[in-house]
Amino acid sequence: MAAATRGCRPWGALLGLLGLVSAAAAAWELASLRCNFGAFCECDFQPDLPGLECDLAQHLAGQHLAKALVVKALKAFVQDPAPTKPLVLSLHGWTGTGKSYVSSLLAHYLFRGGLRSPRVHHFSPVIHFPHPSHIERYKKDLKSWVQGNLTACSRSLFLFDEMDKMPPGLMEVLRPFLGSSWVVYGTNYRKAIFIFISNTGGEQINQVALEAWRGHRDREEIRLQELEPVISRAVLDNPNHGFWHSGIMEEHLLDAVVPFLPLQRHHVRHCVLNELAQLGLEPKDEVVQAVLDSTTFFPEHEQLFSSNGCKTVASRIAFFL
């Protein structure tokens, strides 16, 4: 997926905003000053929900459910000055369908520094928790990291990638931070956002989408009520998933299970065109077709869904320029 441009505004609109630069800079300096004296700093938290909606509409192909759920949940959370619990989302789907892209957009449109913001914390099992035998140390470190950063700033984003590879038992230390209590370990954590990402449930989502196609139903007719139960069951039955016996799903601490549908040929085409535009290149038909022809689709007979979604589009384009 292509990188986002914060605000997602046409250049004409940006020119009209130039007169506001000085005022915005002054406001930022004042906010930074306040942060030096406030325990619950929000200085890097500058949500741009219209920009997020615009970017999702332009660049996230084939995900009507994910778009609607993410935007609805964020609007309700951001507009509440005193939420009773943190926002907790779990993103599920096949590889290359846009889960990581959406999580990067959330960082980009919620925090001034995007993924580089000191308030955005990204965890990968391969990088941060590679040795299952060290689980007790990881649990202690993770609890301390979350608590310490929420003490420093209540507006923080925690991203947990590849949940289907997390050491079992690790996520249980997060359970006290995800509920509706007012204070945990002396820390105000109700304005935090937790995003969990995994491929678990992807096969079940694909099957629902395939059955809808075979039944001549429009893809947009697929509803969350069809997908949420099968995703939840896939997670709860998977001993290798980070939620295994963590209590997070069992105690209904997730605000939304966000499904990502498998991508069809026209969705991959959309991704190719987006990538070419980001590179400043003309959308040449022969390049677009070459990328599509090099993409593997499944099931074997229908050849309906991309095996890698849009994940390899950028690297494939380079071969055909």
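The values are calculated or read from the model by the stated rules, or taken from the named source; none is laboratory data. This structure is a prediction, so every number in the text was calculated from the model and none was measured. Every residue, glycine among them, receives a Cβ derived from its backbone with ideal geometry; neighbour counts consider all protein chains shown. The area values use the complete protein model at the heavy-atom level, side chains included, leaving out ligands, DNA and RNA. Shrake-Rupley method; radii C 1.70, N 1.55, O 1.52, S 1.80 Å.
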Q. Tell me, which residue of the range 307-319 that is open to solvent by 50 Å² or more (accessible area, probe 1.4 Å) and not in a helix (DSSP H, G or I) is farthest from TRP213 (Cα to Cα)?
A. LYS311
Q | Members of the range 262-306 that are part of a loop (DSSP other than H, G, I, E, B), out of contact with any strand residue (DSSP E or B) (no Cβ under 7 Å at 6 or more places or on another chain) and more than 20 Å from GLY215 (Cα to Cα) | A | LEU279, GLY280, LEU281, GLU282, PRO283, LYS284, SER294, THR296
**Q.** Tally, over the range 115-132, of residues that are touching a Leu at 6+ places or on another chain (Cβ under 7 Å), more than 20 Å from ASP164 (Cα to Cα) and open to solvent by 20 Å² or more (accessible area, probe 1.4 Å)
**A.** 1
Q. Any idea how many residues of the range 211-243 are in a helix (DSSP H, G or I) and farther than 16 Å from HIS64 by Cα?
A. 10
Q: Take VAL102 and decide whether it is in a helix (DSSP H, G or I) and either without any contact (Cβ under 8 Å) to a residue 12 or more places away in the chain or closer than 21 Å to SER246 by Cβ (or both).
A: no
Q | Unmet criterion (only one of (1) in contact with an Asp or Glu (Cβ under 7 Å, 6 or more places away or on another chain); (2) buried (at least 18 other Cβ atoms within 10 Å of the Cβ)) for ARG112 | A | (2)
(Q) Can you tell me which condition HIS252 does not meet? The list is (1) under 17 Å from ILE195 (Cα atoms); (2) in contact (Cβ under 8 Å) with a residue 24 or more places away in the chain; (3) not polar (S, T, N, Q), and all the others hold. (A) (2)
Q. Do we find that ILE135 is within 21 Å of the chain's Cα centre (by Cα) and open to solvent by less than 70 Å² (accessible area, probe 1.4 Å) in this structure?
A. no
Q: Would you point out the residue of the range 61-99, among those that are aliphatic (A, V, I, L, M) and either part of a strand (DSSP E or B) or open to solvent by less than 10 Å² (accessible area, probe 1.4 Å) (or both), that is nearest to ALA192 (Cα to Cα)?
A: LEU87
Q: Return the total of residues in the range 146-163 being modelled with pLDDT of 95 or more and open to solvent by 20 Å² or more (accessible area, probe 1.4 Å).
A: 2
Q: Taking only the range 279-302 into account, find how many residues are surrounded by fewer than 11 Cβ atoms within 10 Å (Cβ to Cβ) and either in contact with a Gly (Cβ under 9 Å, 6 or more places away or on another chain) or under 11 Å from ARG265 (Cβ atoms) (or both).
A: 1
